[in-house]
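Enquirer: One structure, pasted below without further comment.
Where a number appears in this text, it was derived from the coordinates with a stated rule and is not lab data. What you see is a predicted model; the values in this text were computed from it and never measured. Note that we place each Cβ from the backbone using ideal geometry, even for glycine, and neighbour counts take in every protein chain shown.
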Amino acid sequence: MPPPTAGRLSALVRRCAAGGALSPGAQVHAQGLVGGLLPDATLDTDFVLLYSRCGALHSARQVFDGMSFPSMHAYNVLLLASPPGAAVELISRLLASGLRPDRYSIPAVLRACAELRDTLLGTVFHCFALRLGLLANVVVSGALLDMYAKTGMLADAARVFNEMPERDTVVWNCMVTGYARAGSSEETLELFRKAQIESVDMARDLRAVPNVLNVCANEGQLMKGERDPW
């Protein structure tokens, strides 16, 4: 049997990553090491993907840290899987390497900023997204809106929301929930009604309903909430 090639191992690792097969993937990793096929930029990125998707973040980070020049794809894979503090450290390393954040890395770091309640860093990446022309992307602008909403900066969240060229149900739910958590009953109900009209999928999406009903109850409007068809 001929020795395995990097291309064949790459295909195997990606299949293991897609299926969440950590143990077989780790065996392929060992085979690559023994066969002298590593380090290899593509294979190493595949192993970062495998370990990240399987929740083995320590192993993913070990592979990543062993790469001389991690690719943008490797950064994005690890950013998406990392806890907030590690994600912030990773984005700093990405910038120091000379790479530019993209439509995958910016949402990842904005989610980290939201969890850390770090509006200063979030605003910095808002500027990055603006400068790079990424705000037209619904995932980027949605993550930005979510960051502002979760940190209580509802005026900024609303501005992002109003400037979005398109909105999916995630964005509508995020904005409705932001108003509801702030106790802004009038804005919550008005936006929820608007969502039913403007977003077809919102009529079937019930994620925001508990927040809307809570607002009605807190404001003494429960009966209104029960009879309002939205």
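Enquirer: Which of SER92, SER185, SER52 ends up with the largest GNM mean-square fluctuation for the chain, with Cα atoms connected below 10 Å?
Expert: Maximum among the listed residues: SER92.
Enquirer: Oh, and also: Before rounding to the nearest 500, sum -39500 (n - 2.57) across all DSSP H runs of length at least 4 in the chain and divide by the residue total; then give [θ] at 222 nm in deg cm²/dmol.
Expert: -22000 deg cm²/dmol
Enquirer: Something else about it: If you build the Cα gyration tensor of the chain and take the root of 5 times each eigenvalue, what three semi-axes come out, in whole angstrom, biggest first?
Expert: So the three semi-axes of the chain are 42, 20, 14 Å.
Enquirer: Pairs of Cα atoms under 8 Å, at least six residues apart: use those to get the relative contact order of the chain, whole percent.
Expert: It rounds to 10 percent for the chain.
Enquirer: Considering only ALA96, ALA114, ALA158, give the residue with the highest GNM mean-square fluctuation for the chain, with springs between Cα atoms whenever their separation is below 10 Å.
Expert: Most flexible of the set in this elastic network: ALA96.
Enquirer: Okay, next question. Which of these, CYS127, CYS113, CYS16, has the largest mean-square fluctuation under a Gaussian network model of the chain (Cα springs below 10 Å)?
Expert: Of CYS127, CYS113, CYS16, the Gaussian network model singles out CYS127 as fluctuating most.
Enquirer: Report, to two decimal places, the Cα Rg of the range 32-121 normalised by 2.2 N^0.38 Å (N = number of residues).
Expert: Ratio of Cα Rg to 2.2 N^0.38 Å: 1.10.
Enquirer: Oh, and also: Say a site is exposed when it is one of the GluC sites (Glu not before Pro), sits in a DSSP loop, and has at most 16 other Cβ atoms within 10 Å; what is then the longest site-free stretch of the chain?
Expert: 1-165
Enquirer: Still on this structure, I have one more. Stick to the Cα atoms of the range 1-81, pair each with every other, and give me the Kirkwood hydrodynamic radius in Å at one decimal.
Expert: Every distinct Cα pair counted, the radius reaches 12.3 Å.
Enquirer: In whole angstrom, how far apart do the alpha carbon centroids of the range 1-47 and the range 87-156 sit?
Expert: 32 Å
Enquirer: Around ALA136, under 11 Å between beta carbons, what's the net of Lys plus Arg minus Asp minus Glu among the other residues?
Expert: So the surrounding residues net to -1.
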